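Comments concern the structure below.
The values are calculated or read from the model by the stated rules, or taken from the named source; none is laboratory data. Model, not experiment: these values are computed from the prediction. Because the Cβ atoms are built from the backbone with ideal geometry, glycine has one as well, and the counts that use them run over all protein chains shown.
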Amino acid sequence: MKFNPEICSIPDKRMQPFIDPEEIWGYINNTKSEPDQVHEIIAKSLNKQRLTLKETAVLLNANDPVLIEEIKQGARTLKEKVYGNRIVLFAPLYIGNKCSNNCTYCGFRATNTEAERKTLEDNEIINEVTALEDNGQKRLILVYGEHPHYSADYIAHTVKLVYGVKSGHGEIRRVNINAAPFDIEGFRTVGKSGIGTYQVFQETYHPEAYTWYHLGGKKVDYNWRLTSLDRAQEAGIDDVGIGALFGLYDWRFEVMSLVRHANHLEACYNIGPHTISFPRIQDASSMNVKPEYLVSNEEFTRLVAILRLAVPYTGLILTARENADVRREVISFGVSQIDGGTKLELGTYSQTVNENQDLNKEQFKINDNRSLAEIIDELIDTGYLPSFCTSCYRMGRTGEHFMEFSVPGFIKRYCTPNALLTLAEYLLDYASPEVQKKGWTAIEKEIVKLEGQADTEEIRRRIDSIKLGQRDLYF
């Protein structure tokens, strides 16, 4: 059948599947990419308007090196307009790696008998969180395998436990979740624990490809996973994160599907995803994937830039799966959040020595082993503003309210001042003298840039209060 979006497009209905492979491939295969079109689409995005699927396909099909560079430059410009030079920092904390699923790309899969299974005890979680706080972390994402042990009640318990850990000036102010999908009541239980964002990644959005990799467990149900964040919205969790694991299927299809998912959430709930993640396949214990779909560095940098232009107000998360050089490059294309000081082996943040990765104890291999302090040092040196801000979540600026603030661009009024306050805390409590010196210079530079855009006198007053011992000040 000839592609026709009026025929192929699936209407957006709450808690019903919305991916039509024919529709998506129709856009990819039947959309031309002319220079004038690319220029017009970049201009639309720079006007802070979300792109359509057809417009996204135009960018995906722009294979001329000159046009690719223009797309990347457009993404750089857009990021500066929407996010400034801020980079939000977080750390993942693996709570348990028991898993009932059998996913061929994951070291946690049930049939991997080489994997060493562990679930942190409460005292071990406290020790891990204490160690993370003592390094300056304020934002965590808790990660769980999909297993009956990790019920909604258990996850809620661990969230409350993490929030209760205080070490000196240290505390965790935002706990995000990456775990199995639940029914509405399960999501409601987790939501009541005070979480920030709930992440569920579709892995691959192509229904047939999905069957290649998911061979057992609840995760074999494509539609249950696809509609999981609809159930989260129905349960009152209005801050959700989507993602695809690049390297399982054609990267262009996955980019289009992520945009389609964002459109679906906005159409049904008036709320787009708070974040999009784009992890790329890395080595894992006994991994089995199709090599023809692995994503090159060149393709990876392109897809990040295209995502930035397609969804101007959605946060983009880049993890330590990527090496330091790749991270340095793609941060400029629109990434707004990165992890730092990451350790995936359960219970190792509190260990003083952990030099070697063991894939039998980790979900996958990480390629950026730098400490949080090293990453902050480099961010400051390269003109970025490290941020541990959690104010939107705590002030109720999430979900639809977040969209009200962010879509017109007003959020910048809050984000840069709050980044400055959290960086001031970090400098005073955790930074070396050298980083302190550079950090205070960076803060002063940013305050001067804010003259006329924010209440700089109040920012200075609050920084002075932080120097006198107050903490957790925010706008």
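Please pick out the residue among D358, D381, D339, D377 that is acidic (D, E), under 14 Å from Y94 (Cα atoms) and either modelled with pLDDT of 95 or more or surrounded by fewer than 18 Cβ atoms within 10 Å (Cβ to Cβ) (or both).
None of the others qualify; the one that does is D339.
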> Of the residues I242, I306, which is out of contact with any Pro (no Cβ under 9 Å at 6 or more places or on another chain) and surrounded by 20 or more Cβ atoms within 10 Å (Cβ to Cβ)?
Replying inline: I306
> Looking at this structure, is P207 in contact (Cβ under 8 Å) with a residue 60 or more places away in the chain, surrounded by fewer than 23 Cβ atoms within 10 Å (Cβ to Cβ) and of a type outside the set (K, R)?
Replying inline: yes
>> It is to be established whether one or more residues within region 63-73 are more than 24 Å from the chain's Cα centre (by Cα) and surrounded by 23 or more Cβ atoms within 10 Å (Cβ to Cβ).
In response: no
>> I'd like the full set of residues that are surrounded by fewer than 17 Cβ atoms within 10 Å (Cβ to Cβ) and modelled with pLDDT under 95, limited to region 407-434.
In response: V407, P408, G409, F410, R413
>> List pairs: first residue in region 221-238 and over 17 Å from N270 (Cβ atoms), second residue β-branched (V, I, T) and modelled with pLDDT under 95 anywhere in the structure, Cβ distance under 6 angstrom, at least six positions apart or on different chains.
In response: none
>> Out of the residues in region 452-462 meeting the condition of being over 19 Å from R173 (Cα atoms) and modelled with pLDDT of 90 or more, tell me which one is surrounded by the most Cβ atoms within 10 Å (Cβ to Cβ).
In response: I459
> Which numbered condition trips up A43, out of (1) buried (at least 16 other Cβ atoms within 10 Å of the Cβ); (2) aliphatic (A, V, I, L, M); (3) in a helix (DSSP H, G or I)?
Replying inline: (1)
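Residue by residue, here is whether (1) in a helix (DSSP H, G or I); (2) touching a residue at least 60 places away in the same chain (Cβ under 8 Å) holds:
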residue	(1), (2)
Y414	yes, yes
L420	yes, no
L423	yes, no
L427	yes, no
E458	yes, no
R462	yes, no
R471	no, yes
> Being in contact with a Cys (Cβ under 8 Å, 6 or more places away or on another chain) and assigned to a helix (DSSP H, G or I), is that true of even one residue in region 274-289?
Replying inline: no
>> Only one of T113, T104 is farther than 30 Å from G383 by Cα, free of Cβ contacts under 8 Å to residues at least 40 places away in the same chain, in the same structural domain as A209 (by TED's automatic domain parsing) and β-branched (V, I, T). Can you tell me which?
In response: T113
> Which one of these does R50 not meet: (1) under 24 Å from the mean Cα position of the chain (by Cα); (2) not in a loop (DSSP other than H, G, I, E, B)?
Replying inline: (2)
> For region 28-53, which residues satisfy the criterion of being touching a Phe, Trp or Tyr at 6+ places or on another chain (Cβ under 8 Å) and either without any contact (Cβ under 8 Å) to a residue 40 or more places away in the chain or not charged (D, E, K, R) (or both)?
Replying inline: I28, N29, N30, L53
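Restricting to region 294-317, give me the number of residues that are in a helix (DSSP H, G or I) and without any contact (Cβ under 8 Å) to a residue 60 or more places away in the chain.
Taking region 294-317 and keeping what is in a helix (DSSP H, G or I), we get 297-310.
Keeping just the survivors that are without any contact (Cβ under 8 Å) to a residue 60 or more places away in the chain gives 297-300, 303, 307.
So the answer is 6.
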